Amino acid sequence: MAPSSYQPPTRGDKAETATRSQSVESNLSHSQTTVAKLMEGKGDAVFAVRPNDTIHSVVNILKEKRIGAVVVTDQNGKLHGILSERDIVRRMADTPGQTLPQSVEDLMTREVKTCAPEDLLNDVLKTMTEGRFRHMPVLSDGNLRGVITIGDVVHFRLKELEYEALRMKQMIVG
């Protein structure tokens, strides 16, 4: 027996009128999401240090702010590098007991991969995964606009998937 909500075609129905519950846009919407969209919800707070700061001061910032990396800028806010927990731990293994007094500029990564607000999240995630790093500064017109993490991207994408699943469920249930 057919469900009570099912209505068989009748003589007056127009067979040429097709409806589509999915479209290319709806199926690919997640792949078109940009860094700017993620930044809307995240905000643009950036924790920056100077090249001559000590690793000890950076460790305290990482601990207090509960973050995994800081960007290294000059007094004008121009990006010079990035320093992550991983960089510090590796140096601690190489120079035990001598790492904290060292300067940021001795440990920082100088060749920083960056992204722009108009970049697609899927592209950014791919770059981060292939490069094996978790933090990426966002630059617009050469100015630092924020930092996104691989966790931000994954969390944002999971929220998108939850929303898509809810939309499908509502479409099925009615």
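The values are calculated or read from the model by the stated rules, or taken from the named source; none is laboratory data. Just so we're clear, the structure is a prediction, and the values are computed from it rather than from any experiment. Here the Cβ is made from the backbone with ideal geometry for all residues, glycine too, and neighbour counts use every protein chain on show.
Please specify each residue of the range 79-111 satisfying the condition of being in contact (Cβ under 8 Å) with a residue 40 or more places away in the chain and more than 18 Å from N60 (Cα to Cα).
L79
Taking the range 105-133 as the region of interest, how many residues are over 19 Å from M39 (Cα atoms) and among the polar types (S, T, N, Q)?
The number of residues fulfilling the criteria is 2.
Return only the number of the condition from (1) in contact with a strand residue (DSSP E or B) (Cβ under 6 Å, 6 or more places away or on another chain); (2) modelled with pLDDT under 95; (3) over 22 Å from N122 (Cα atoms); (4) surrounded by 15 or more Cβ atoms within 10 Å (Cβ to Cβ) that V71 does not satisfy.
Failing condition for V71: (2).
Taking only the range 108-164 into account, find how many residues are of a type in the set (D, E), more than 14 Å from the chain's Cα centre (by Cα) and buried (at least 18 other Cβ atoms within 10 Å of the Cβ).
Qualifying residue count for the region: 0.
Taking the range 134-167, which residues are charged (D, E, K, R) and within 13 Å of K37 (Cβ to Cβ)?
D152, R157, K159, E160, listed by residue number.
Determine, yes or no, whether V153 is in contact with a Lys or Arg (Cβ under 7 Å, 6 or more places away or on another chain), among the hydrophobic types (A, V, I, L, M, F, W, C) and either more than 26 Å from D87 (Cβ to Cβ) or touching a residue at least 40 places away in the same chain (Cβ under 8 Å) (or both).
No, not satisfied.
Could you identify the single residue in D44, D53 that is surrounded by 11 or more Cβ atoms within 10 Å (Cβ to Cβ), acidic (D, E) and out of contact with any Gly (no Cβ under 7 Å at 6 or more places or on another chain)?
D53
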